[in-house]
Structure formats: structure tokens, C-alpha cells
Ligand SMILES: CC1=C(CCC(=O)O)c2cc3nc(cc4[nH]c(cc5[nH]c(cc1n2)c(C)c5CCC(=O)O)c(CCC(=O)O)c4C)C(CCC(=O)O)=C3C
Ligand SMILES: [Fe+2]
């Protein structure tokens with residue numbers, strides 16, 4: 001149970017920091033928006049990669065390989081700017097819907113500002129309510145759980161911290177499914193006429209180490225549910241699930257790999273392939289390099305036309321999905337509080 005809900009924020013101390021979206025800081029709703037993070041310059045690639053590897057520095061060869069991939073997409077991934085824009089826009093939409101001030105606090109898993117720093121700023125803002133949102137649709141112990149742990153550890157260092165209500169996943173949210181289905185239809189429509197009928201759609205997500213899967217992780221099931229629902233919504237008859245961007249570690253990784261699946265398609269009569277990165281919500285290295293350069297090249301090698309669905313980024317339809325998730329989480333929280341009597345001033349709902 002959530003003992004912090006009964007704590008009233010002090011409205012006499014508006015706190016420091018950026019002004020919140022909305023009419024003032026009274027009744028502030030804080031959004032802890034968490035994402036993977038990306039190096040802002042090539043000299044940050046080494047510490048970033050070391051952090052991803054749990055503190056073990058990469059070999060010079062591995063480091064150079066990663067630097068070369070960033071160079072191939074123009075020296076830098078756009079993930080940082082897109083994440084900030086997503087956070088700003090979801091806060092604005094939620095503020096509008098609630099008629100309350102909403103402030104986003106962005107924290108990254110693998111680079112500054114880290115999730116712990118975002119939590120520090122969130123606590124200092126003394127929000128009345130707080131929601132935690134990881135910008136990844138499917139839940140895994142190798143992804144969303146790590147973000148949540150980073151946030152929980154930082155919150156535990158502040159006895160007066162507000163409760164943060166986390167959103168675990170949104171892999172089957174109807175708006176998310178519809179947004180991906182629209183993009184699949186758009187990508188199919190852009191294939192050269194005559195190739196559309198022979199096209200196969202491959203839904204991809206970042207691979208995770210097989211040992212994580214073997215411990216019963218929901219991730220592969222979530223990925224397959226996303227794919228099946230999008231395929232149904234778009235009326236697809238030929239579609240697959242594949243994984244991409246497997247890490248350079250000694251463990252086996254979850255497959256099949258997207259390039260492997262592409263290589264098999266001509267033997268099955270396919271003439272074109274559409275790749276839909278259903279495990280990602282933004283353009284970044286894994287989309288712009290691993291798909292747009294590597295997977296495209298494999299498709300060309302085996303004689304297939306290639307298209308990739310546009311990413312969700314800060315498009316209005318996806319921002320609506322995120323706002324909906326936050327509003328639902330706040331509503332559920334208020335319902336729980338009302339039912340338990342923790343907030344007797346709240347109207348009883350339901
Ligand atoms: C599940 C998952 C997601 C999806 C969910 C989520 O978004 O959280 C994701 C997203 C991303 N992963 C990214 C980048 C990288 N991930 C790596 C390595 C790894 N990822 C893993 C898992 C995931 N990663 C794991 C278990 C490792 C191995 C760690 C180890 O070694 O023990 C490496 C190291 C080199 C390599 O292995 O390629 C890089 C550079 C970028 C952004 C790049 C940019 O635009 O800059 C994004 C969005
Ligand atoms: Fe990764």
C-alpha cells in the first residue's frame with residue numbers, strides 16, 4: 001500500500017526548476033519519462049558502452065565498431081532530441097486534459113541525465129502525483145525492469161518522495177496497435193506497384209539474451225502479441241516476427257535474427273519485405289543503422305525490395321497513446337486511493 005498518498009505537498013514552496021506546463025505548480029503532476037539514452041558526441045561512446053556492459057569497458061575493436069556505426073548515421077543518433085520532444089508533448093497533452101500543471105522529468109538508463117538525476121529533480125518539485133513511463137512497449141527483465149529498478153533505488157534514498165506509479169508496458173494498447181498498423185499500410189503503399197502482393201512484413205524488436213527468455217520473461221510473448229494485433233488490424237496475410245541488434249556477448253540471443261529471415265524470403269516466393277520495428281518508439285541507431293543500412297543491404301543482396309515503417313517519434317497519434325496511458329494510470333491510482341480511504345476528499349468513483 002502506498003503510505004505517501006496522504007502526504008500533502010507544500011503549496012507555499014513552489015520549488016525551483018523549469019516552469020511546469022499549465023496554470024501553476026499547485027496540484028503538480030510529475031511524469032518520470034525514462035528512455036535508453038544515446039551518446040551526444042563520439043567521445044561519449046566509450047563511457048556509454050561501458051555502462052551498457054555493466055561497467056566492463058569494451059575492447060578497442062568493439063568500441064571502434066560502435067563508433068563506426070554512429071558515424072554511418074551521421075555521427076549521432078537523434079534519440080535524445082526525440083525523447084525530449086515526446087516527453088514535452090505528452091506532458092502538454094496531459095496538462096490540457098487534466099487542467100493541471102504537468103512537468104516531465106527525463107532520465108536515461110545508460111547516460112546522463114541518468115534516471116536517478118531525474119528522480120532527484122522530480123522529488124525537489126514536490127508533485128502531488130507522479131507517473132513513471134518507460135518508452136519501450138514490451139516488458140522485459142532485460143529492459144523495463146532495469147529502468148524501474150534505477151528509479152526505485154533513487155526514490156528509496158528520499159524518505160519524503162512521492163509515490164511514483166509505473167506503467168509496465170503498452171504492447172497491446174489499441175492506439176499503439178492502430179498507430180503501427182497505419183504505418184505498415186503506408187510502407188506497403190510506398191512499395192513499387194506490382195511488388196505489394198508479394199510483400200512480407202517482418203515485425204522486429206531488440207533481441208535479449210536467451211538466458212533471460214529461459215527464466216520465463218514475458219518479452220517474446222509481448223512482441224508476438226504486438227505483431228499479431230498489428231497484422232490483424234492491417235489485414236496482413238504474410239508476416240513474421242524477428243529480432244535484431246543482438247549484443248556482442250558470449251550468451252546466445254533470442255532469434256531468429258531479422259537478416260536471417262530476410263535471406264529466407266526469396267525461397268518462399270516473396271518479392272519485397274517491409275520491416276516494422278515494433279519494439280521501438282523512435283528513430284535511433286538500431287533503426288537507422290541495423291535496419292536502414294544493414295537489413296536493407298541484405299534485402300538488396302537477395303533481390304528483395306525493402307521498406308521500413310516510419311517510427312512513432314513525437315507524432316500526434318503516438319503522443320495520444322502515451323497521454324492515455326498516463327491518464328489511465330492516474331485514474332486507477334485515484335480509484336485505489338478512494339477505495340482504501342487514503343484520500344477521503346476524493347470523490348468515490350465506480
Ligand atoms: C531490450 C532492449 C532494448 C529495447 C527496449 C528499450 O528501449 O529499452 C534496447 C534498446 C536500445 N539499445 C540501444 C543501443 C545499444 N544496446 C546495446 C546492447 C544491449 N541492448 C540490450 C537490450 C535492449 N536494448 C542488451 C541486453 C544489450 C547487451 C548488454 C550487454 O552487453 O550485456 C549496445 C551495445 C553494443 C551492441 O551490443 O550493439 C548499444 C549501442 C539503443 C539506442 C542506440 C542509440 O540510438 O544510440 C536502444 C533504443
Ligand atoms: Fe540496447
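Using Cα atoms only, what is the angle between the long axis of helix 316-340 and the major principal axis of the chain, expressed in degrees (0 to 90) to the nearest 10?
40 degrees
I'd like the orientation of helix 79-98 relative to the chain: the angle between its Cα long axis and the longest Cα principal axis, in ° from 0 to 90, rounded to 10.
That works out to roughly 50 degrees.
If you wrap region 174-308's Cα atoms in a convex hull and average its projection over all directions, what's the area in nm²?
8.1 nm²
Choose one answer from 41, 172, 140: the residue with the largest mean-square fluctuation in a GNM of the chain with alpha-carbon springs under 10 Å.
Maximum among the listed residues: 41.
Antiparallel as a % of all DSSP beta bridges within region 174-308, to the nearest 5?
Values: 1 of 18 bridges.
Rounded to the nearest five, the antiparallel share is 5 percent.
Beyond 34 Å, what share of the Cα-Cα pairs of the chain is found? Please give it as a whole percent. Mind dumping the intermediate values first?
Details: 17967 of 61075 pairs.
Tail fraction, whole percent: 29.
Peptides 188-195, 308-315: what's the order by average Cβ count within 10 Å, highest mean first?
Working: 188-195: 12.9, 308-315: 19.6.
Result, highest mean Cβ count within 10 Å first: 308-315, 188-195.
Highest mean first, what order results for 80-88, 58-66 on Cβ atoms within 10 Å?
Packing proxy ranking, top to bottom: 80-88, 58-66.
Against the longest principal axis of the chain, how steep is helix 219-234, in degrees 0 to 90 to the nearest 10, with axes from Cα atoms?
The helix 219-234 is inclined about 70 degrees to the chain.
Among 180, 28, 146, which one moves the most in a GNM of the chain with springs linking Cα atoms closer than 10 Å?
146
At 7 Å along Cα-to-Cβ for each site, give me the label-to-label distance between residue 59 and residue 332 in nm.
Here the answer is 4.5 nm between the modelled labels.
Which of these, 158, 284, 171, has the largest mean-square fluctuation under a Gaussian network model of the chain (Cα springs below 10 Å)?
158
Determine the equivalent ellipsoid of region 50-92 by diagonalising the alpha-carbon gyration tensor, then write out the semi-axes as square roots of 5 times the eigenvalues, largest first, rounded to whole Å.
Equivalent ellipsoid of region 50-92: 28, 15, 4 Å, largest first.
Rule-based calculations on the coordinates, nothing more; no lab input. Just so it is clear, the structure is predicted and the values come from calculations on it, not from any experiment. Because the Cβ atoms are built from the backbone with ideal geometry, glycine has one as well, and the counts that use them run over all protein chains shown.
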